[in-house]
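*Asks:* Handing you this structure, nothing more for now.
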Amino acid sequence: MDNIGEFKSLVEHRLTGAESSTKSAHRRIDEINDTVKEIYSTLNGIHKLTASVEMLTLQVKTLAENMSTSNERMETRIEEGFKSQGERIGAIEKEPAQKWKAFVKHVFQLAVAAVVGAVILKITGK
């Protein structure tokens, strides 16, 4: 019976060791499962963040394109405005010269008319 008792004690010792090892393995597996869950959660957050960054990038690109188009329109309008303003200023600057030319022309015509009138008076004797 001594052998059976030793065998029983050895089996109980090994079963206790196996149970302890199994429990330890289950704890490690649970820890690994928790870590995997955290990694999946982190990856899900990164995926959502990546999608948000992509959407923001597209919005910034669209905004930049719209600003570029708007800037081109504004530059065109400014150039047209400067051209139109330059033409109006040129017309205003030319106006006194045109008035002066008209005045000189009228004075010349009056002088010619006076000379012609004087010549006609001299010829007619009056």
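Where a number appears in this text, it was derived from the coordinates with a stated rule and is not lab data. Values in this document were obtained by computation on a predicted structure and should not be read as measured data. Counting neighbours? That spans all protein chains shown, and the Cβs are built from the backbone with ideal geometry, glycine included.
*Asks:* Calculate the length of the line joining the C-alpha centroid of the range 15-72 to that of the range 97-120, in whole Å.
*Replies:* Here the answer is 95 Å between Cα centres.
*Asks:* Also, I was wondering about something else. Taking the chain as a Gaussian network, where each spring joins two C-alpha atoms under 10 Å apart, which residue of 84, 24, 52 fluctuates the most?
*Replies:* 24
*Asks:* Test of understanding: what is the full-extension gain from residue 38 to residue 6, defined as 0.36 nm times their sequence separation minus their Cα-Cα distance?
*Replies:* 6.8 nm
*Asks:* Based on Cβ point charges of +1 for Lys and Arg and -1 for Asp and Glu, what charge dipole magnitude is obtained for the chain about its Cα centre, in debye rounded to the nearest 20?
*Replies:* 1960
*Asks:* Which angle between 0 and 90 degrees, to the nearest 10, do you get for helix 2-124 versus the longest principal axis of the chain when only C-alpha atoms count?
*Replies:* For helix 2-124, the angle is close to 0 degrees.
*Asks:* Turning to a different aspect of this structure: Can you give the alpha-carbon Rg of the chain over 2.2 N^0.38 Å, where N counts its residues?
*Replies:* My calculation over the Cα atoms of the chain gives 3.86.
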